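Novice: Below is the structure I would like to discuss, written out as structure tokens.
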Amino acid sequence: MSEQGHTQSSVRFGMVIDLDKCMGCGACSVACQAENNISFRPDESNKLRSITWMSVFRLTNGANYPDYKYTFLPRPCMHCDSPHHSPCTFVCPVNATTRDESNGIVTHIYPRCIGCRYCIVACPYHARGFNWWDPKWPEPMESMLSPEVSTRMRGVVEKCTFCHQRLLKARSKAYMDGTDPDKATYTPACADACPAKAIVFGNLRDPESEVGRLSKDPNAFQVLKKLNTEPKVYYISTQDWIRKLSDNAVI
Amino acid sequence: MDRALIPEGLKRCSLPIFGLWTLLLLLLIGWGVIAGGLVLVKAMNLTGLNDYFGFGAYITADLAIIALGAGAFFSGFLYYGLSRFFPSLKELGKIINLAVVVGFVCYTGALAVLVLEIGQPLRGWFGYWHANVHSMLTEVIFCISCYAVVLIIEYVPIILENRKLGAVKPLGVFGHSMHDIMAIFALTGTFLSFFHQGSLGGVAGVLFARPYAYRTGLFIWPWTFFLFILSAIASGPAFTALICRAIEKFSRKQLVDRSVYELIGKIEGALLGVYMVLKIADTAYWGLVQSPRLGLNLGDFYWGPYGIWLLIAEIGICGVLPALILLSPAGRKSNFLLFGAFLLDVAGVSLNRFVMTIPAIAAPVMPFDKWQVYIPTVYETAPILAMLAYCTLIISLSYRYLPLFPRERELNRV
């Protein structure tokens, strides 16, 4: 038990993304879109209104040629592990978004969400999107929707769930196989789709897991560490200028 | 035509003139209702809000109107609670009815706009059913709705003083009985209002991942909790005084003794002065100590249309200046300075509510993120203007048909 009475388990799902491998192809974003029934509009040009659980940011070092450098930073929900609550779970007035302390995943209950958008305001990573419209898929495309993920109606917030439906499937399989469901592992759609194998996912608290090992790499960093949000998405880069962009630094 | 409804011995403008005025307000309200209706039907994509600006014009207007409606609870607290210990506060009895009406319209208006603000209005009651005890917004939902009920209870006896309604014996007795126990409601309202004014400040202050808004504080309450309460009571009665003055100008009558305005000026001057000292201390700590620890400095919080002018306007022009005017007897003696200071006071608190909402979330947090600018659409401005028109309409009807000002007859004897 933590000081605040929250049960802490030996499982904390998290991610490590190697920015030196990421080429910004967007396959993670597309796979996420397909896996999670993310809606889209005929005109997706306004990125502040379109829903993208896995956004890919383009970072540059701001220098001129020949010193100009750039990289891409895929940003899912960070599933912040800050001690009392994540920034978003703390503020939700109806407990629509809560952190599952058995695995660290920050979930969102769509039928309970009243759409106040306080969680959107609270999140510094802009990981959350709001359904500004009722989703509508062109007729034949509805048959491609995954039955394992509910679609969302207008007026509710949504975000990356670390493909929670895949965790549930893995736990069911473990149960049927007679193994411990709490030790079940899985791979989210983004990690599956990445052609460069830049995304590694697993239990951060398992020292033998690849993600556990990579999160302790000297070149690993978290975005906005100073805010004490304790994001469970780590990034790795050997390049100094990228690591410097991970946090604000008063000069 | 409606002379029988007008309080005895008082004169009001002719019904056709009042009708025209009412029609104008109803048109404005109708425009806002249509705009709001379209938002409910077609969803919130009609607004200027987006995934960067989860809060916008609706929240800013709500925060401001609730702060300014604090005149009701605070004047009630001073009059019903403290005047037995400080007899000079009994002067507030001459304006207390108006303060209640202003509080009533501000809170009910804010609740109406809140219906548009949430994406799923039919689920608004979930705040009671699935309450998150850690969330400041839960406390806001509870206390604002409870306080709106208290304000309705406080408004009812004033309505029952209408001479036609009061003539119906059961209603007259009911109204008088409620007047007798009004202190209980006023002090209940004080308790509720204290907490929700504070929680509205807490809404911003607890955002520990948003350096612009975040504040440390005392136990579970960020400093903004206390600053919002203080700024509300430092501006609410001033707002009531301004409305009273506006009615006086429109009706060309004196409605309250000047001593009432002077008393409000003295009280607001003291409160605004204290608020300014604490606000400046808080701003200095936030800008020079707390933010550098989070990797940002004061300059990082001001850009483009959300520039440093906001800080100068909020704290300097609309904070320190009216505080100095209201604290000086010479300032309070001059109508221009007194009401000018009230106006700056009200503007300053409204500006504070804006600053804690929109620039607070416009400022990027991730180093590779960018500033964004928020522009409300007509689907936001129209309902807000309609809310103000609704407030004006209820105040107009109350002034016309209810004996709001006990001193009106004496002050306008021919």
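Novice: Identify, please: which residue in region B:187-215 is aliphatic (A, V, I, L, M) and within 14 Å of another protein chain (Cβ to nearest Cβ) and is, among those, farthest from the chain's Cα centre (by Cα)?
Specialist: B:A209
Novice: Another question, if that's okay. Among the residues of region B:65-74, are any more than 14 Å from chain A (Cβ to nearest Cβ), part of a loop (DSSP other than H, G, I, E, B), out of contact with any Asp or Glu (no Cβ under 9 Å at 6 or more places or on another chain) and under 30 Å from B:G119 (Cα atoms)?
Specialist: yes
Novice: Give the residue, chosen from B:L397, B:L324, B:L404, B:L343, that is surrounded by 19 or more Cβ atoms within 10 Å (Cβ to Cβ), closer than 30 Å to B:Q254 by Cα and of a type in the set (A, V, I, L, M).
Specialist: Checking each option against the conditions leaves just B:L404.
Novice: Please tell me if A:F162 is within 8 Å of chain B (Cβ to nearest Cβ) and hydrophobic (A, V, I, L, M, F, W, C).
Specialist: It is false that A:F162 is within 8 Å of chain B (Cβ to nearest Cβ) and hydrophobic (A, V, I, L, M, F, W, C).
Novice: I'd like the residue in region B:286-315 that is within 26 Å of B:V346 (Cα to Cα), exposed (fewer than 14 other Cβ atoms within 10 Å of the Cβ) and free of Cβ contacts under 8 Å to residues at least 60 places away in the same chain and, out of all such residues, is nearest to the other protein chains (Cβ to nearest Cβ).
Specialist: Checking each candidate, the answer is B:I308.
Novice: Taking the condition of being within 23 Å of B:A43 (Cβ to Cβ) and in contact with a Phe, Trp or Tyr (Cβ under 9 Å, 6 or more places away or on another chain), how many residues in region A:132-159 meet it?
Specialist: 13
Novice: Could you tell me which residue of region B:35-56 is farthest from the other protein chains (Cβ to nearest Cβ), considering only residues that are in contact (Cβ under 8 Å) with a residue 12 or more places away in the chain and within 16 Å of B:G109 (Cα to Cα)?
Specialist: B:A35
Novice: Could you check region A:47-90 and list, in sequence order, the residues that are within 27 Å of A:T151 (Cβ to Cβ), without any contact (Cβ under 8 Å) to a residue 40 or more places away in the chain and basic (K, R)?
Specialist: Scanning region A:47-90 gives a single hit, A:K47.
Novice: Name, by its number, the condition in (1) within 14 Å of chain B (Cβ to nearest Cβ); (2) surrounded by fewer than 18 Cβ atoms within 10 Å (Cβ to Cβ) that does not hold for A:M176.
Specialist: (1)
Novice: Which members of region B:145-157 meet the condition of being surrounded by fewer than 22 Cβ atoms within 10 Å (Cβ to Cβ) and either more than 24 Å from B:T190 (Cβ to Cβ) or within 14 Å of the chain's Cα centre (by Cα) (or both)?
Specialist: Of everything in region B:145-157, just one residue is surrounded by fewer than 22 Cβ atoms within 10 Å (Cβ to Cβ) and either more than 24 Å from B:T190 (Cβ to Cβ) or within 14 Å of the chain's Cα centre (by Cα) (or both), namely B:A148.
Conditions (1) of a type outside the set (K, R); (2) crowded, with 22+ Cβ neighbours inside 10 Å, marked per residue:
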site: A:M153; (1), (2): yes, no
site: A:C160; (1), (2): yes, yes
site: A:L167; (1), (2): yes, no
site: A:A193; (1), (2): yes, no
site: A:K197; (1), (2): no, no
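Novice: Then there's this: Of the residues B:I233, B:I184, which single one is touching a residue at least 12 places away in the same chain (Cβ under 8 Å) and more than 14 Å from every other protein chain (Cβ to nearest Cβ)?
Specialist: The unique qualifying residue is B:I233.
Novice: Determine whether region A:114-134 contains at least one residue that is over 14 Å from the mean Cα position of the chain (by Cα) and over 25 Å from B:I141 (Cα atoms).
Specialist: Yes; the residues of region A:114-134 include at least one that is over 14 Å from the mean Cα position of the chain (by Cα) and over 25 Å from B:I141 (Cα atoms).
The rows are residues; the columns are (1) within 13 Å of the chain's Cα centre (by Cα); (2) touching a residue at least 40 places away in the same chain (Cβ under 8 Å); (3) surrounded by fewer than 16 Cβ atoms within 10 Å (Cβ to Cβ).
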| site | (1), (2), (3) |
| --- | --- |
| A:R12 | no, yes, no |
| A:C28 | yes, yes, no |
| A:S39 | no, yes, no |
| A:C92 | no, no, no |
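Novice: Okay, moving on. Check off (1) away from chain A (no Cβ under 14 Å); (2) assigned to a helix (DSSP H, G or I) for B:F85 and give me the number that stays unchecked.
Specialist: (2)
Novice: Also, I was wondering about something else. Taking region B:1-60 on its own, how many of its residues are among the hydroxyl-bearing types (S, T, Y), outside any helix (DSSP H, G or I) and crowded, with 16+ Cβ neighbours inside 10 Å?
Specialist: Counting residues in region B:1-60 that are among the hydroxyl-bearing types (S, T, Y), outside any helix (DSSP H, G or I) and crowded, with 16+ Cβ neighbours inside 10 Å gives 2.
Novice: Could you list, in sequence order, the residues of region A:209-229 that are touching a Gly at 6+ places or on another chain (Cβ under 9 Å) and more than 14 Å from chain B (Cβ to nearest Cβ)?
Specialist: Within region A:209-229, A:S209, A:E210, A:V211, A:G212, A:S215 meet the criteria.
Novice: Can you tell which of B:L78, B:L20, B:L46, B:L82 is over 24 Å from B:T357 (Cα atoms), modelled with pLDDT of 95 or more and among the aliphatic types (A, V, I, L, M)?
Specialist: B:L20
Novice: Hey, another quick one. Surrounded by fewer than 17 Cβ atoms within 10 Å (Cβ to Cβ) and within 11 Å of chain A (Cβ to nearest Cβ): which single residue out of B:P121, B:P170 fits that description?
Specialist: Within the list B:P121, B:P170, the selection yields B:P121.
Novice: Among the small types (G, A, S) and either crowded, with 21+ Cβ neighbours inside 10 Å or outside any loop (DSSP other than H, G, I, E, B) (or both), is that true of B:A112?
Specialist: So B:A112 passes the test.
Novice: Scan region A:95-134 for residues that are more than 7 Å from chain B (Cβ to nearest Cβ), of a type in the set (S, T, Y) and outside any loop (DSSP other than H, G, I, E, B) and report the count.
Specialist: Qualifying residue count for the region: 3.
Novice: Now a separate question. Please work out which one of (1) surrounded by fewer than 15 Cβ atoms within 10 Å (Cβ to Cβ); (2) more than 12 Å from chain B (Cβ to nearest Cβ); (3) charged (D, E, K, R) is the condition A:D206 fails and give its number.
Specialist: Unmet condition: (1).
Novice: Could you grab me the full set of residues in region B:316-361 that are within 14 Å of another protein chain (Cβ to nearest Cβ) and either among the β-branched types (V, I, T) or free of Cβ contacts under 8 Å to residues at least 24 places away in the same chain (or both)?
Specialist: Scanning region B:316-361 gives B:T357, B:I358, B:I361.
Novice: Right, next: Can you report the number of residues in region B:252-273 which are loosely packed, with under 14 Cβ neighbours inside 10 Å and either within 14 Å of another protein chain (Cβ to nearest Cβ) or of a type outside the set (K, R) (or both)?
Specialist: Looking only at that region, the number is 1.
The values are calculated or read from the model by the stated rules, or taken from the named source; none is laboratory data. On a predicted model such as this, the values are computed, not experimentally measured, just so you know. FYI the Cβ positions are ideal-geometry reconstructions off the backbone, even for glycines, and counts take in every protein chain you see.
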